[in-house]
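Rule-based calculations on the coordinates, nothing more; no lab input. Here the structure is a predicted model, which means the values were calculated and not measured. Every residue, glycine as well, gets a Cβ built from its backbone with ideal geometry; the counts of neighbours run over all protein chains shown.
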Amino acid sequence: MTYRSPLLARPGAVEAAGADAGVAAHYGDPLREQRLLAAGEALVDLSHRGVVTVSGPDRLRWLNTLSSQLLLDLQPGESTEALLLTVQGRIEYDIRLVDDGDTAWLIVESFEAAGLAEWLLKMKFMFQVEIADATGQWAVVGSTREVPGFAGRTVWQDPWPRVGAGGFAYTGIEEPAHPGRALTWFEYLLPAGELESALRDQALAGVWAAEALRIAAWRPRFGAETDDKTIPHELDLIRTAVHLAKGCYKGQETIARVHNLGHPPRRLVFLQLDGARHTLPAAGSEVRLGDRKVGTLTSAALHYEMGPVALAVVKRSVDPAAPLLVVDGDEEYDAAQEVIVAPDAGQVVGRPGGFLRGPR
């Protein structure tokens, strides 16, 4: 059944498309909504997101064996990010995880939930855990601040861009200078039946606003910046979603090999787009260097301060100083790139200590 948020009945609401179908792209004034969201004065309806619950005494120990993240010491209310990988180290699921002391809450993209719950059920074996796809029972609401009226609600706080214990930064800049430090992000879990009443007196921003802030923070999103070949190193996800010193898990060999001895074949870049056309290129547009395709645009938005911005995944060998061209059909957009993942990231064995390193 196709989901449709009750908040689409709000005046001016325009439904989003693609992965965000079912909630509002905006409510009639996208840039104003974005300013309000950035200032912590508006909330975003993310009730289309998937929610999977894992309960039982073995839940964290079990999830720890499956994922890229160290979860054994996760405290009630503490948020983290975890990946489930293929044997080749490619990202299968990207999970926003918070545990309340009794239940681990796994927030994912809408299209991930059913497959994730089914896969987890197959991996249950003899562990004392219970898995449920609770997507229809819970609604996610996004905010850039802690919401006083939501005190006591289960909430996930994005760790991005802090380099977690066991993580590693693939950018060449110091963490305090990372643009993601300007954005704090919370995702609250509300019973689905309470969504309308809980947000009745709240100013709302559409998902376009949230996407613009995400792109400006260099924050990759599963299903947008990823494809079936993506490894975490390419998106700088080693900093928040991978613990390099934890025990075995599926895909660990690739994580270690690329990190220690190799380089990721592609790298995430931030693009400042020429705004002369007053349009945005679509996700999937070619990124070219001269006449040669060197990558793919993955997300684009109109930022309320910076204008048109985007994320793209390009070949590692692309000169970071080179001007690029984004081509969407007959439309062409000049693009200036900013390095997110450094071209020489990886191959840390033998590298001078401290370069691109996060806290251990």
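With neighbour counts taken as other beta-carbon atoms within 10 Å, the residues PHE222, PHE111 rank, fewest first, as PHE111, PHE222. Partners of LYS315 within straight-line reach, counting aspartates and glutamates whose Cα lies under 13 Å from its Cα and excluding those fewer than 8 residues away in the same chain: GLU234, GLU286, ASP344.
Annotation: region 266-339 has a Kirkwood hydrodynamic radius of 11.9 angstrom, from the mean reciprocal C-alpha pair distance.
This model, with +1 at the C-beta of Lys and Arg and -1 at the C-beta of Asp and Glu, gives region 266-339 a dipole about its Cα centre of some 460 debye.
For region 160-228, trypsin sites (Lys or Arg not before Pro) meeting the loop criterion (DSSP other than H, G, I, E, B) and having at most 13 other Cβ atoms within 10 Å: ARG200.
How would the chain be classified by its alpha-carbon gyration tensor: rounded, prolate or oblate, with rounded meaning a/c under 1.5 and the a/b versus b/c comparison settling the rest? Oblate, since a/c reaches 1.5 and b/c is not below a/b.
Counted as membrane-span-like here are DSSP H helices of the chain whose alpha-carbon atoms extend 18 Å or more along the helix's own axis and whose Kyte-Doolittle mean is 1.0 or above; there are none. Across the chain, the relative contact order, built from alpha-carbon pairs under 8 Å that are at least six residues apart, equals 20 percent. Listed by chain and number, the aspartates and glutamates whose C-alpha is less than 16 Å from the C-alpha of LYS229, apart from same-chain residues fewer than 8 away, are GLU92, ASP94, GLU253.
Dipole magnitude for region 138-219: about 100 debye, using +1 per Lys or Arg Cβ and -1 per Asp or Glu Cβ, origin at the Cα centre.
Ordering ARG4, ARG266 from the fewest to the most neighbouring beta carbons within 10 Å gives ARG4, ARG266.
Could you list the GluC sites (Glu not before Pro) in region 156-206 that lie in coil according to DSSP, counting only those with at most 12 other Cβ atoms within 10 Å of their Cβ? Sparse-neighbourhood loop GluC sites (Glu not before Pro): GLU174. Per-residue Cβ neighbour counts within 10 Å put ASP158, ASP94 in the sequence ASP158, ASP94, beginning with the fewest.
Projecting the Cα atoms of LEU71, TYR27, VAL14 onto the dipole axis of region 6-241, where Lys and Arg carry +1 and Asp and Glu carry -1 at the beta carbon, places LEU71 farthest toward the positive end. In a DSSP loop and with at most 16 other Cβ atoms within 10 Å, the GluC sites (Glu not before Pro) in region 241-309 are GLU305. A Förster radius of 25 Å combined with the Cβ-Cβ distance from MET126 to GLN347 puts the calculated FRET efficiency at roughly 0.05.
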